[in-house]
Amino acid sequence: MLGEACALLAALTWSVSVILFKRSEAVTPLAMNLFKNTVAAVLLGLTLLALLLGGWTELPLARSRGDWGRLLFSGVLGIAVSDTLIFMALRRLGASLLAVVDCIYAPTIVVLSVVVLHEPVPAAFLAGGALVVGGVLLTVTERTPDEPELPASVAAPIEAAASEGAGERAAPADPRERALGVAFGLAGIASMAAGVVLAKPALASGDLVEVTLVRLLAGVVALLLWVSLKPLVGLDAGGAARAEVLGVLGRRDVWRTLIPASVLGTYVAMLFWLGGFKWAPVSVASVLNQLASVFTVILAWLMLGESLSGRRITGTLAAVAGAALVMATRGG
């Protein structure tokens with residue numbers, strides 16, 4: 001059950017990082033994305049070096065060109081493209097509506113795992129997955145006037161930073177803007193799902209730290225190229241200038257809060273996230289990842305004093321019961 005444990009820990013670390021980012025300094029979302037990915041890339045590089053020097057892993061000299069291509073494209077698709085689309089959706093929808101859209105994360109990966117990877121999906125798993133997604137949807141769709149917006153689970157650190165630092169917009173009255181935001185959100189989550197399914201074969205046979213680093217570096221390079229070649233106005237919630245985005249790496253005033261959040265929300269969480277997909281079926285890992293929204297609600301109640309209503313308790317219990325059923329299908 002190592003993969004299942006990693007998937008649950010990924011959801012938990014994402015949720016804890018939300019609390020950390022809600023207390024962070026104001027930084028625009030695209031700058032936050034570059035900062036957190038750069039911090040994680042440095043840490044993953046140091047970790048891989050330590051593993052190589054200790055003789056605990058080896059460089060993948062025998063990896064095929066096809067696997068290299070899949071990993072690199074997966075990183076670009078799942079990090080640079082997906083995050084940009086989610087930023088654009090966040091600007092139009094707000095974090096709470098994006099959290100509702102995020103509920104298609106697990107179903108999308110389950111469908112792709114069946115179509116692309118031919119994973120079996122028993123009836124009990126479908127029932128458990130439906131309970132998880134339904135419980136999460138019940139939990140994240142309740143809003144009270146005094147509560148801050150809750151971010152979508154998969155990109156929680158990015159979205160929390162956007163709502164905290166860049167002035168999250170209220171849901172637009174223009175139905176066309178809302179429809180466009182939903183389309184961007186669906187495309188971003190679909191890109192993330194396609195990226196991890198694409199990486200699964202290389203991930204299964206590769207070293208976890210090395211594969212995570214390759215995907216992250218591919219995403220960071222693509223992001224840097226995009227930032228360097230394209231104007232940023234309209235692509236992030238704050239309309240930040242290029243110099244502001246690139247300059248975040250040298251802003252020591254934000255390091256105190258952003259480095260711990262980036263370490264937990266990207267470095268640790270990404271290892272757990274890909275570990276879940278490496279050692280468990282993609283469909284199972286994705287359903288357990290979906291619990292991040294539920295964990296966020298619980299942690300916000302414990303650490304930030306936010307209210308925990310009967311509806312949220314019901315949604316949480318349904319999601320937990322669904323997760324138990326999903327894991328029971330694996331145990332059997």
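What are the residues in the stretch 286-332 that are crowded, with 24+ Cβ neighbours inside 10 Å, at pLDDT below 80 and either at positive phi or of a type in the set (G, A, S) (or both), if any?
S293 - this is the single residue of the stretch 286-332 that is crowded, with 24+ Cβ neighbours inside 10 Å, at pLDDT below 80 and either at positive phi or of a type in the set (G, A, S) (or both).
Report the residue count in the stretch 10-69 for those that are at pLDDT 85 or above and of a type in the set (A, V, I, L, M, F, W, C).
Final tally of qualifying residues: 18.
Mind telling me which of the residues A127, A123, A106 ends up being among the small types (G, A, S) and surrounded by 24 or more Cβ atoms within 10 Å (Cβ to Cβ)? Lay out the reasoning, then the answer.
Numbers: A127 fails: surrounded by 24 or more Cβ atoms within 10 Å (Cβ to Cβ); A123 fails: surrounded by 24 or more Cβ atoms within 10 Å (Cβ to Cβ).
Step by step, each of A127, A123, A106 is checked, and only A106 is among the small types (G, A, S) and surrounded by 24 or more Cβ atoms within 10 Å (Cβ to Cβ).
Return the pairs, sorted by first residue and then second, in which the second residue is in a helix (DSSP H, G or I) and not β-branched (V, I, T), the first residue lies in the stretch 254-275 and is over 20 Å from N289 (Cβ atoms), the beta carbons are less than 7 Å apart, and the residues are 6+ apart or on different chains.
If the second residue must be in a helix (DSSP H, G or I) and not β-branched (V, I, T), the pairs left are L258/F35; P260/L20.
From L232, L217, L203, L208, grab the single residue that is modelled with pLDDT under 90 and closer than 22 Å to A50 by Cα.
L203
Going through the stretch 139-157 one residue at a time, which ones are at pLDDT 50 or above and surrounded by 20 or more Cβ atoms within 10 Å (Cβ to Cβ)? Steps first, please.
Within the stretch 139-157, the subset at pLDDT 50 or above is 139-144.
Within the stretch 139-157, T139, V140 qualify.
Can you tell me which of V81, V114, V101 is among the aliphatic types (A, V, I, L, M) and within 26 Å of D207 (Cβ to Cβ)?
Going through V81, V114, V101 in turn, the sole match is V81.
Which condition number does A187 fail, the rest of (1) crowded, with 21+ Cβ neighbours inside 10 Å; (2) at pLDDT 90 or above being met?
It fails just one condition, (1).
I need a count of the residues in the stretch 42-63 that are over 24 Å from V263 (Cα atoms) and either surrounded by 11 or more Cβ atoms within 10 Å (Cβ to Cβ) or touching a Cys at 6+ places or on another chain (Cβ under 6 Å) (or both).
3
What pairs come out if I take residues in the stretch 49-70 that are more than 22 Å from L198 (Cβ to Cβ) and pair them with residues that are in a helix (DSSP H, G or I) whose C-beta lies under 6 Å away, six or more apart or interchain?
Hits for this filter: T57/L51.
Out of the helices (runs of 4 or more DSSP H) lying entirely within the stretch 39-133, which hold 1 or more residues that are more than 21 Å from the chain's Cα centre (by Cα)?
On the way: elements: 65-75, 82-93, 95-101, 105-115.
Fully inside the stretch 39-133 and qualifying: 65-75, 105-115.
Could you list, in sequence order, all residues of the stretch 53-80 that are in contact with a helix residue (DSSP H, G or I) (Cβ under 9 Å, 6 or more places away or on another chain), over 14 Å from A222 (Cβ atoms) and of a type outside the set (V, I, T)?
W56, E58, L59, P60, R63, S64, G66, D67, W68, R70
Does the stretch 89-112 contain any residue that is farther than 21 Å from W273 by Cα, at pLDDT 90 or above and aliphatic (A, V, I, L, M)?
So far as the stretch 89-112 goes, no, none of its residues is farther than 21 Å from W273 by Cα, at pLDDT 90 or above and aliphatic (A, V, I, L, M).
Check whether at least one residue in the stretch 264-277 is under 27 Å from R92 (Cα atoms), modelled with pLDDT under 90 and assigned to a helix (DSSP H, G or I), and report yes or no.
Yes, there is a match, as at least one residue in the stretch 264-277 is under 27 Å from R92 (Cα atoms), modelled with pLDDT under 90 and assigned to a helix (DSSP H, G or I).
The values are calculated or read from the model by the stated rules, or taken from the named source; none is laboratory data. Predicted model only: the values in this text are computed from it and were never measured. In this analysis, Cβ positions are derived from the backbone assuming ideal geometry, glycine residues included, and neighbour counts consider all displayed protein chains.
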